[in-house]
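J.: Take a look at this one; I'll ask things after.
The values are calculated or read from the model by the stated rules, or taken from the named source; none is laboratory data. Worth saying up front: this structure is predicted, and the values here are computed from it rather than measured. All Cβ positions, even for glycine, are placed from backbone atoms using ideal geometry, and neighbour counts span all protein chains on display. Note: areas computed on protein heavy atoms with side chains; ligands, DNA, RNA excluded. Shrake-Rupley method; radii C 1.70, N 1.55, O 1.52, S 1.80 Å.
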Amino acid sequence: MSTSVISSDQSRSAAPLPFPFGPLLLAALPGAGPAAGGNTIQLLGLGLSGVTGVMFGTTPATVVSQDLLGLTVTVVVPAHAAGVVPVTVTNSSGTSNSVSYTYLGTPAPTPPTAASINPASGPVIGGTPFVITGTNLTGGTVTVNGVAATVVGADPTGTLLIGITPTGAATGNVPVVVTTAYGSATVPGGYTYV
C-alpha cells in the first residue's frame with residue numbers, strides 16, 4: 001500500500017506582482033502654488049482609480065475628476081501655511097505613498113532701486129521728459145530737489161519710470177528721489193538744472 005505525500009510548501013503557488021496593490025503616486029503637477037490654495041493640479045500615478053480622498057498634509061483636497069485608467073486625478077488644492085507638505089491619495093485598495101507639494105508664501109515687499117536718470121540735466125524752467133532706470137519702480141512718485149515731478153508711468157516690469165521735471169529753484173545739481181509704498185531710492189548723481 002502506497003501513501004501519497006502532499007507538500008505543504010505553498011511558496012511557488014503565486015508569482016509576485018510587478019507593482020504594489022495600492023495606489024502609487026508619482027508626481028504632483030505643478031508641484032507648487034499659493035498658500036491661499038484654490039488652484040487646480042494633477043496627481044499622476046498608477047492604480048489611482050476610484051480615489052475617495054486626497055490629503056495635503058492633514059487637509060483634504062477637492063477631487064475634480066479622475067481618469068478611468070487610474071493614471072491621473074485632478075484636484076483643487078486646499079489652503080495651507082507656506083511650506084512643503086506630503087500629498088497622498090486613498091481608494092479602496094489603500095493609501096498611497098506621498099509626493100511633495102510646496103505652498104508658496106506671499107513675497108516680501110521689495111523697495112525700489114534707482115540706477116540712473118536720463119537725461120541727467122535740463123533747463124531750470126522744467127518740463128524736461130526723463131526716464132529713471134532701476135527696479136520695483138511701479139507706482140512710484142518722483143521728487144526733484146523735494147519738488148514733485150509729473151510721473152507719466154512705468155513699464156510693466158517696473159524697471160523704467162517716465163516723468164517730466166518740475167521747475168527748479170536755481171541752476172545746479174539737486175537730488176532725485178523715487179518713492180513707492182515699500183520705500184525710497186535716491187538716483188545716483190541726481191539731476192542738474194542748467
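J.: Using alpha carbon coordinates only, what is the Rg to Rh ratio of segment 112-194, with Rh defined as the Kirkwood radius? Before the final figure, lay out each step's value.
T.: Details: Rg = 11.3 Å, Rh = 12.1 Å.
When Rh is taken as the Kirkwood radius, the ratio is 0.93.
J.: Give, in nm to one decimal, the length gained when the segment between THR150 and ALA108 is fully stretched (0.36 nm per residue of separation minus the Cα-Cα distance). Don't skip to the answer; put the middle values down first.
T.: Details: separation 42, 0.36 × 42 = 15.12 nm, distance 2.83 nm.
Here the segment from THR150 to ALA108 would lengthen by 12.3 nm.
J.: Given the convex hull of the Cα atoms of the chain, what is a quarter of its surface area in nm²? Let's see the in-between values first.
T.: Numbers: hull surface 70.5 nm².
So the mean shadow area of the Cα hull is 17.6 nm².
J.: Right, next: In terms of solvent-accessible area of protein heavy atoms at a 1.4 angstrom probe, what is the ranking of LEU29, LEU24, LEU48, highest value first? Provide the component values of the computation, followed by the final result.
T.: Values: LEU29 95, LEU24 45, LEU48 0 Å².
Greatest to least solvent exposure: LEU29, LEU24, LEU48.
J.: Using 1/(1 + (r/R0)^6) with R0 = 45 angstrom and r between the beta carbons of VAL63 and VAL131, what's the FRET efficiency to the nearest 0.05? Walk me through the numbers before you get to the answer.
T.: Values: r = 51 Å, r/R0 = 1.14.
Efficiency computed from Cβ-Cβ geometry: 0.30.
J.: While we're looking at this one, here's another question. Kindly report the accessible area of segment 42-155 per residue (heavy atoms of protein chains, probe 1.4 Å, no ligands, DNA or RNA), in Å². Each step should come with its number before you reach the end.
T.: Numbers: 5630 Å² over 114 residues.
Using a 1.4 Å probe on heavy atoms only, each residue of segment 42-155 averages 49 Å².
J.: Tally up the carbon and sulfur contribution to the accessible surface of the chain as a whole percent, 1.4 Å probe, everything protein left in place.
T.: Details: 6880 of 10880 Å².
About 63 percent, which is the carbon plus sulfur part of the accessible surface.
J.: Once fully extended, how much extra length lies between ALA115 and THR95, figured as 0.36 nm per residue of separation less the alpha-carbon to alpha-carbon distance? Before the final figure, lay out the partial values.
T.: Values: separation 20, 0.36 × 20 = 7.20 nm, distance 5.54 nm.
Result for the pair: 1.7 nm of gain on full extension.
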